[in-house]
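Report on the structure given below.
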Amino acid sequence: MDVVPDSHRTRWLGLVALTLGVAMIIVDATIVNVAIPSIIQDLGITYTQAEWTNAIYSLVFAALLISSGRLGDKLGRKRLYLAGLVIFVLASMLAGIAQSGAELLGARFLQGVGGALILPATLSIVNATFRGKERAIAFGIWGSVIGGMAALGPLIGGWATTNLSWRWAFYINLPVGVAAFVGAWLFVRDSRDPDAGRGFDLPGTVTLSGGLALLIFGLIEGQSYGWVRPKQTLSLGPLDWPLSSVSPVFGALSASAALLLAFVWIERRRARDGRQVLVDFSLFAIGSFRYGNVTVAIVSLGEFGLIFVIPLFLQSVLDYSALETGVALLALAGGAFVAAPFAAKLSQRYGGRLVVRIGMGLEVIGTAGLGFVFATEMPWWHFEPFLFVYGFGIGLATAQLTSVILVDVPMAQSGEASGIQSTSRQVGSALGIAILGSSLAILFSHNASSGLDQMPGLPAGQRAAIEQAVGKQGGPAINGARAVPGSEPVVAKLDEAFASAASTVAFIASGFIVLGLLSSLFLPPARPAEEEAASA
């Protein structure tokens, strides 16, 4: 039985323990990007295998969020959080000592499992622990950690890779995870759904997890393998994709649709028969939950897709190192962290819904501003004001949107609801990276061809090789061209092509956030009881 006293001090110390766990799993979603070249060289693996070290983490993480949230409702949210920390820390140690690509992928798979246990547990614990003014402050801190640590990941990874080893990008999780475990054990109170029962929805878990895994795979890998026609062969160990005329991504998305439709049918039938269900669809009858999930999915399209684009520009066009890229992104993290106290105060005074809209408005200003400053020769500080505004907006919107989504949900179902909203965010993020990443690749290729047209003396064979590299590698092709003596005119055209493409993508991201802002207008007004609690 949990014996942690419910006091002001223990609540806030418990929040520190929860945010440590959140910071750890968010950093690990981005920290590997800058370490990939070192991983390839050290382990002797291909670039595609190295990319999968990131993709498999995101895929498993997103696929298990709803299932683990429901598990926390049944078994206890603190217990689930502690279990997630143990799995994540052990997996981080395995990743650090990995001697092959297969070992590293296996460790990253386990990290995804641990992360999926941690995130919804933290959300539901915060939702169950804090009330009134404390609730706005707690969600402000939680949301700022999400936004800020996403930007700090490349900095930490770049520093560790440059000064120690890529393995320290994983070893750093060990002391953080231990501190989070001890803090949660001592200061976090447990909670669960007393009506959850003992049954377990195995068919629902299998169909939902499988459907989400295939969906995220398709969204992440569509540009690499082709959306309909195959661009390259997919090999998973001894297994090869058997169809030569159909892309594995098209097969994955088709199977995902079938599994998710089967999931809905299974859940409705089990609910009609009075059996345990993984997702209670009656939650979507709650206006704030329904429209909040739509909003968070749409706004994530722009938020996290652009975070994917900016490091590519800095390293490809401005020729920044991994560490310099991380330092340049500090303004985004700083904006997110600074937003925390403002989010709490504004929410207490005006309500969470208005704070969400203010935050998304600032995100629009920040992303659109970035679109205007992308240029081939620019000082780094031109980025910083817009990155800060962008991060500040994320800090406001992420925290309070999560609070708004969960505010009307019955406390007993907060784990399930937390898993659903986290999944909405992850699916939106993956879709945003797919759309903005594909847009960047297409625009860069088109702009590069147009730029090369202005160089009539360029030999046909050299032009074909450049266009092939651009189509296959994207931005890193510029770094390859830069290393060739006498290639300055070609590099200048490629720089211009990428900067123009990045600028357009920033405006597309801004458009998605505008759509999210418009969808937030459908959020129902706060109930009088909620307003009273917020100002208590």
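The values are calculated or read from the model by the stated rules, or taken from the named source; none is laboratory data. Predicted model only: the values in this text are computed from it and were never measured. Counting neighbours? That spans all protein chains shown, and the Cβs are built from the backbone with ideal geometry, glycine included. Keep in mind that these areas ignore ligands, DNA and RNA; they rest on the heavy atoms of the full protein, side chains included. Shrake-Rupley method; radii C 1.70, N 1.55, O 1.52, S 1.80 Å.
Near Ser520, once Lys and Arg are set to +1 and Asp and Glu to -1 for all other residues with Cβ below 13 Å from its Cβ, the sum equals +2. Placing unit charges on the Cβ atoms only, positive for Lys and Arg and negative for Asp and Glu, gives region 318-464 a dipole magnitude near 460 debye about its Cα centre. Excluding same-chain neighbours fewer than eight residues apart, the lysines reachable from Lys345 by a Cα-Cα span under 29 Å are Lys78, Lys133.
Working ranking of peptides 380-388, 62-70, 420-428 by packing, defined as the average number of other Cβ atoms within 10 Å per residue, highest first, is 62-70, 420-428, 380-388. Karplus-based coupling profile of region 480-485, in residue order and whole Hz: x, 5, 5, 7, 8, x, with θ = phi - 60° in 6.51 cos²θ - 1.76 cosθ + 1.60 and x standing for Gly or Pro. As a calculated quantity, the FRET efficiency between Phe281 and Asp42 at R0 = 45 Å, using C-beta atoms, amounts to about 0.40.
The residue among Val356, Ser429, Gly302 whose Cα reaches farthest toward the positive pole of the charge dipole of the chain, with charges on the beta-carbon of Lys, Arg, Asp and Glu, is Val356. For the chain, adding -39500 (n - 2.57) for each run of n ≥ 4 DSSP H residues and dividing by the number of residues yields -26500 deg cm²/dmol at 222 nm.
The alpha-carbon atoms of the chain define a convex hull whose volume equals 145 cubic angstrom per residue.
Computed from label points 7 Å out along Cα-Cβ, the spacing between Val246 and Trp380 is 4.9 nm. Within the set of other residues whose C-beta is less than 15 Å from the C-beta of Met93, count the net charge using Lys and Arg as +1 and Asp and Glu as -1. Around Met93, the surrounding residues sum to 0.
For the peptides 242-252, 22-32, 171-181, the ranking by packing is 22-32, 171-181, 242-252, with the highest mean count of neighbouring Cβ atoms within 10 Å listed first.
Projecting the alpha carbon convex hull of region 250-322 along each direction and taking the average yields 8.1 nm². At Val338 and Arg131, where each label point lies 7 Å from the Cα along Cα→Cβ, what is the point-to-point distance in nanometres? About 3.5 nm, to one decimal. With the Kirkwood sum run over all distinct C-alpha pairs, region 281-438 has a hydrodynamic radius of 16.5 Å. Peptide packing: for 152-158, 114-120, the average count of neighbouring Cβ atoms within 10 Å per residue gives the ranking 114-120, 152-158, highest mean first. Looking at the chain, the accessible area is 40 square angstrom per residue; that uses a 1.4 Å probe and ignores ligands, DNA and RNA.
Distance between the modelled labels on Ser254 and Tyr350, one decimal in nanometres: 5.0 nm (7 Å Cα→Cβ projection). Multiplying the residue separation of Gln468 and Val228 by 0.36 nm and removing their Cα-Cα distance gives an extension gain of 84.4 nm. Across the accessible surface of the chain, with the other protein chains kept in place and a 1.4 Å probe, carbon and sulfur atoms take up 67 percent. What the Cβ-Cβ distance of Ala271 and Leu75 gives, at R0 = 25 Å and to the nearest 0.05, is a FRET efficiency of 0.75. Taking 1.002 mPa s as the viscosity and 20 °C as the temperature, the Stokes-Einstein diffusion coefficient of region 350-438 based on its alpha-carbon Kirkwood radius rounds to 144 µm²/s.
Listed by chain and number, the lysines whose alpha-carbon sits under 22 Å from that of Lys493, ignoring those within fewer than 8 places in the same chain, are Lys472.
Extension gain, Val264-Leu518: 0.36 nm per intervening residue step, less the Cα-Cα distance, totals 88.6 nm.
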